[in-house]
Amino acid sequence: MKKTVSIICFLLSYLLSIAQDIPSVYVDHKGIFRWEDTDKEASFFGTNYTLPFAHAYRAVGYLDADRKAAIDEDVYHFARLGFNAYRIHIWDVEITDSVGNLIENEHLDLLDYLISKLKERHIYVLLTAQTDFGNGYPEKDQPTGGFSYQYEKCNVHSDPQAIMAQRKYLTSLVQHVNPYTGVAYADDPIVVGFEINNEPCHDKSSTQTRDYINQMLKTLRKAGNRKPVFYNVSHNLQMTEAYYDTDIQGTTYQWYPTGLVSGHTRKGNFLPNVDKYAIPFSGVKGFDNKAKLIYEFDPADLLYSYMYPAVVRSFRSAGFQWITQFAYDPMVLAPYNTEYQTHYLNLAYTPQKAISMKIAAEAAQKLPLNKAYGTYPQDTVFGDFRVSYKQNLSELNSPEKFYYSNTTQSIPVNAKRLESIVGYGSSVMAKYDGMGAYFIDKLEDGVWRLEVMPDAVLVSDPFAKSSLQKEVVRIYWAAHKMQLNIPDLGSSFTIKGINDGNKYDEHITDGTIKTIMPGTYLLKTNNLKVSSTDKWQPEALWGRIQLKEFVAPKGRQDSAYTVCHTPNWCVESGKALLIKAMVAGAIKPDSVLIYTDRVSFWNEHNTYYKMKNVGAFKYEARISPEDININDLKYNIVVFFGNKVQTFPEGTYTHPLDWDYIGQQYYETFVVKSESPVTLFTAKDNWSNAEVYTIPAYIPVKREFCHSNTRKDELSFKFYPSTDTSKFYVRKYIKEDVAMRHQRMGKGEYLCMYASKIPANLKIGFVTSDGITYSAYCSVPDNSVIRIPISSLKQCETALFPTAFPVFMEKYFYPQSEVAFDINKIETLEFSFEGGNMDEYELSIGEVWIE
């Protein structure tokens, strides 16, 4: 069987490779990437992917998975997402010896294999030759004997012995013949060029930096390289002029607009953070004749699907032609997100983000270079593209393509001309309540290809500490209904499964496929008059893929269920509470009940509510006011299937009323009086999740919880300014805490704070869902209580936190128009003040509320 599969893979590889010519690219004298065969401008968009090296390599081994098979799967998804660019910083410590000789080992073999597979899919490659750091993260570094382990990163570019080793290594690398393509890296048209090293550290003189780069350039030329060579200019800004005083043909940059490694999923409107990519040294001599590349970018620690096209818009406006995200998770590791905890992207496991990336890939091709689209929120619509924080949506709406990362109400600009529909959720073209991506592509008039991915259900925070023992997303293969409304296809068509093992074959009369499973399908209208559909056999090639190709992880087959539910923090007394939950399993449960503690905890008289299935895995129930206790509501969600039961949040296989039920956990919602003040912050509850930011970054801050028996507990922050212009911020995301109190907030007149110590110029306010900040200076405390009229909050600049990389990114967003403050749009509570010439400032907060 394995031999047969290998032969099929080889034949597919051969057919794909001979079916397409691969033109080279060059950089012209104005720093523009152009196709060598047409001289037209080239544009590249894709990802980084590190399976041949470091933790990814090892972790795939821990799971006893086939590394080359994993590469095959992921590269297919790259093609499906429209990527035409791939970048990797090679872990030189894993393919070199102590003096820089290239070692022919499994790491290099996997890189060669990966490049060959990318070439088959017409995906171009940028090779960054060196990382000059260890191969451990997130584990410990592994001893390999590689030359760069002998030097500190900031010395590897200046030490004569290290430079000699690098020259030897670079020579061998560009001359290395890939056994899978038969071509040396320096001669392969799929390789666009080389970046000398990843995020270099230059702490010597400008002359030394320039001379180092020129030595590397000379080495590469002598080795036979005629491809463009690039260098990172977004680090070591004191060396900027030295970078441009060399013969490099392109410059590389990164962008992490939401910081890195928060340890949790971030929430809020981050569109102001990506409003523009401003380069402060754009006036340096030589800047205009160097190509500009983004080697890494990612809105890290976010699960939203609205960001990627907005990032690409800003990149294109700034003149970038190569844009590669960091980093795509191998599908075999994606259930756990162990490779890079702060990043998470995979078509199967993060379908909405993946579709946003596909839309961004289109934006990279369609948006002209150096065109501006105004300032946020004006730039949320650009060309055929739209992004929306409120709808968590990226969207492409052109005459030929209609793509959306979430359910949308948009109407295609020309449904009759559509050739491709890609979505998650529903639209007027396709109604689907599954939780995976789908692709609907026109092959010819009346003939379409449908690809449906399985359901991806979030079970834990993917940005918290990771482990191969902890799933963050679980895959289920479930049958769902899909209703198509494609004019060219009509409501009457045949649908036939074409991926291996898919025997589905049905005639549809009303446009509704009543039960569709993950797989690939051929759809043919019954109104076909003349057709060449015989050519659309499962093995036929279509673009960069084979018609029958389908790659997806296996779904859960056991009888365990997953319940995803976050209880409301509070509910007002006398009001009903709508409880929503995601209940996922290999089969649909018989019923889902909510048991409350209305009488006592627990007995046969306990009130229970049957949850209604409102779509796919979605369930909800409305709890009546009389069944909610005076102080709080405690409840369990119980899933029934066959003669079994599973009780959540613990997932125990016993019923709360069983004599041997040992569950100790329950969901809890606090009950507050409707007229009571709206609590925004308490020291005890917010000890760990209040976030501190400083400008400049990395100014020391000491946080301390202060318990008192005589007055309110307080959370104390002590700040130690580094300059007279230092600024300090404390933020707390509160959107979900106040979600049930909008009516009471609308009646609020004062923003109040109990604080024993405050800096003289302290401001307090909110960041809203519009991404705009409103604040007011605090008055002098009256018996430690400050009361600020809500009407005194004024629109001001929004500080862009978390701190972005590179460090020269904008620190503030300045709205270009006045937007009236709406208290029901508040999402983040913010304290801020400017430092002066004092050695220490202290802010001690006990509680914040609206009354």
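The values are calculated or read from the model by the stated rules, or taken from the named source; none is laboratory data. This is a predicted model, so every value here is computed, not measured. No Cβ is skipped: glycine too gets one built from the backbone with ideal geometry, and neighbour counts run over all protein chains shown. Just so you know, the surface numbers come from the protein's heavy atoms only, side chains and all, with ligands and any DNA or RNA stripped out. Shrake-Rupley method; radii C 1.70, N 1.55, O 1.52, S 1.80 Å.
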What ranking of THR171, THR219 comes out by heavy-atom accessible area, probe 1.4 Å, highest first? THR171, THR219
Please work out the C-alpha center-to-center distance from region 354-399 to region 422-497 and express it in whole Å. 22 Å
Residue (of ALA478, ASN568, TYR244) at the positive-pole extreme of the chain, dipole from beta-carbon charges: ALA478
So, relative contact order of region 489-630 in percent, Cα under 8 Å, 6 or more apart, is 17 percent
Value of relative contact order over region 766-851, rounded to a whole percent, pairs C-alpha under 8 Å and six or more apart: 31 percent
Kirkwood Rh, angstrom, region 20-100 [1 / mean 1/r, Cα pairs]: 15.5 Å
Among the aspartates and glutamates, which fall within straight-line cross-link reach of LYS610, defined as a Cα-Cα distance under 13 Å, with same-chain neighbours fewer than 8 residues apart omitted? ASP590, GLU620
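Take the Cβ-Cβ distance between GLU106 and LYS580 as r, set R0 to 51 Å, and report the resulting FRET efficiency rounded to the nearest 0.05.
0.60
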List the DSSP H helices in the chain whose Cα atoms stretch 18 Å or more along the helix axis and whose mean Kyte-Doolittle hydropathy is at least 1.0. 2-18
Gain upon complete extension [LEU237, LYS481; 0.36 nm per residue less C-alpha separation]: 82.3 nm
Area of LYS40 that stays accessible when all protein chains are in place (1.4 Å probe, Å², to 10): 140 Å²
Whole percent per 5 Å bin, from 0 to the bin with the longest distance: what is P(r) over all C-alpha pairs of region 740-791? 5, 17, 24, 25, 16, 10, 3
Based on the mean of other beta carbon atoms within 10 Å per residue, what is the order of 393-406, 501-514, most packed first? 393-406, 501-514
Normalised by the residues of the chain, what does the relative contact order come to in percent, with Cα pairs under 8 Å and at least six apart? 9 percent
Can you tell me how much longer the chain between LEU63 and TYR653 gets when fully stretched, taken as 0.36 nm per residue apart minus their C-alpha distance, in nm with one decimal? 209.6 nm
Estimated vicinal HN-Hα couplings, Hz - region 277-283 in sequence order (Karplus 6.51, -1.76, 1.60; Gly, Pro = x): 10, 9, 10, x, 9, 5, x
Contour excess over end-to-end distance, with Cα ends at GLN175 and LYS514 and 0.36 nm allotted per residue: 116.4 nm
Sequence-distant residues sharing a close amide H with LYS292 (under 5 Å, placed H): THR251, GLN321
How much of the pair distance distribution for region 164-296 lies past 25 Å, counting alpha-carbon pairs only, in percent? 38 percent
Determine the principal axes of the Cα atoms in region 607-664, then give the extent along each, sorted from largest to smallest and rounded to whole angstroms. 31, 30, 16
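From the protein chains alone at 1.4 Å, what is the descending order of accessible area for TYR185, TYR814, largest first? Let's see the in-between values first.
Values: TYR185 5, TYR814 125 Å².
I get TYR814, TYR185, largest accessible area first.
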Distribution of pairwise C-alpha distances over region 88-174, 5 Å bins, in %: 3, 14, 23, 25, 17, 11, 6, 2, 0
When we measure straight from the Cα of LYS153, which lysines land under 25 angstrom away, once same-chain ones fewer than 8 places off are left out? LYS140, LYS168, LYS204, LYS218, LYS292
